[in-house]
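Report on one structure; see the data block that follows.
The values are calculated or read from the model by the stated rules, or taken from the named source; none is laboratory data. All values reported here derive from a predicted model rather than from experimental measurement. Cβ coordinates were reconstructed from backbone atoms using ideal geometry, including for glycine residues, and neighbour counts include every protein chain displayed.
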Amino acid sequence: MTVLSGMLSARSLSFAFVDTRLLGAAGLMSVLSLTLRRTLRLMLPSDLPSFVVASFGRSGSSMLQDVVASGLASRRFGTSRPFFRKACAGAAWDLRGARFERGVTYKTHDYPHALKGRDAAKAIFIFGSAVDAARSAYVLGRRERAWMRGHAQNLKRPGVAAEDLLQRDALGFLDQARAWSNFTGVPTLCVRFEEIWDRVDRLREFTGLPLVLPPRRERTSKVVPPDVEKKLRATFEPVDAVLDELPAVRIHR
């Protein structure tokens, strides 16, 4: 038994057959939902920009992408209900090879240089405390080694293990922040996570979208042993000292 899975682009429509015996009910529903979302985008193309939401990880990019996707869905389809919001969201872990659709937001941890010359794209780089991001990555990376391998690959630091964060800025947080904060290849907004609720008007002006942020709440910090906390702070407080010098929000056009 097979189910038709559409693989669509703005210019073409092709199909692949997926064996449902290998999927199970949840997998089948996921394939069908993905196909329907791609079909929706093909049937209702957009002239809105593509939006790249970038970060060095564990610093609010998932939340911000969800906000931007909701704004895109409201503008494109007149609703931000989950199906339509998800139709406006994707990932682009390798920007050099990414194919962007207008009216879709893409999450990335890549460096920005491959975006240069993409006239239909805008970028938002969100950053927060390097200590908090490192602590979160350390805890999750120790618990889920496969996640850590993928996270390091997405940050262009293949082979980095959670324990490496106790010795150095192994995932390149500072390199990411410097690259994005100085990038002028496409219109780019850099914003500190803690400031977005007070700067939402700047985000709306930059995107041209009716963005609605979730209620502000304190982020829950991961708890690590005192000796691990000491090493993380020794490594990443100097990174935070540099990040603290960046403006809370900056736009490069």
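Tabulated data for the structure shown
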item	result
Failed item in (1) of a type outside the set (Val, Ile, Thr); (2) more than 25 Å from residue 200 (Cα to Cα); (3) touching a strand residue (DSSP E or B) at 6+ places or on another chain (Cβ under 8 Å), with residue 72 passing the rest	(2)
Subset tally (residues that are hydroxyl-bearing (Ser, Thr, Tyr) and crowded, with 23+ Cβ neighbours inside 10 Å) for the stretch 107-117	1
Matching option when the condition is in a loop (DSSP other than H, G, I, E, B) and either more than 27 Å from residue 33 (Cβ to Cβ) or of a type in the set (Asp, Glu) (or both), among 102, 168	168
Set 195, 237: member being surrounded by 14 or more Cβ atoms within 10 Å (Cβ to Cβ), more than 17 Å from the chain's Cα centre (by Cα) and touching a residue at least 12 places away in the same chain (Cβ under 8 Å)	195
One residue from 134, 162, 91, 120 being surrounded by fewer than 16 Cβ atoms within 10 Å (Cβ to Cβ), in the same structural domain as residue 232 (by TED's automatic domain parsing) and either acidic (Asp, Glu) or more than 16 Å from the chain's Cα centre (by Cα) (or both)	120
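Residue-wise test of (1) over 25 Å from residue 37 (Cβ atoms); (2) modelled with pLDDT of 95 or more; (3) touching a Phe, Trp or Tyr at 6+ places or on another chain (Cβ under 9 Å).
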site: 106; (1), (2), (3): no, yes, yes
site: 131; (1), (2), (3): yes, yes, yes
site: 134; (1), (2), (3): yes, yes, yes
site: 138; (1), (2), (3): yes, yes, no
site: 143; (1), (2), (3): yes, yes, no
site: 149; (1), (2), (3): yes, yes, no
site: 159; (1), (2), (3): yes, yes, no
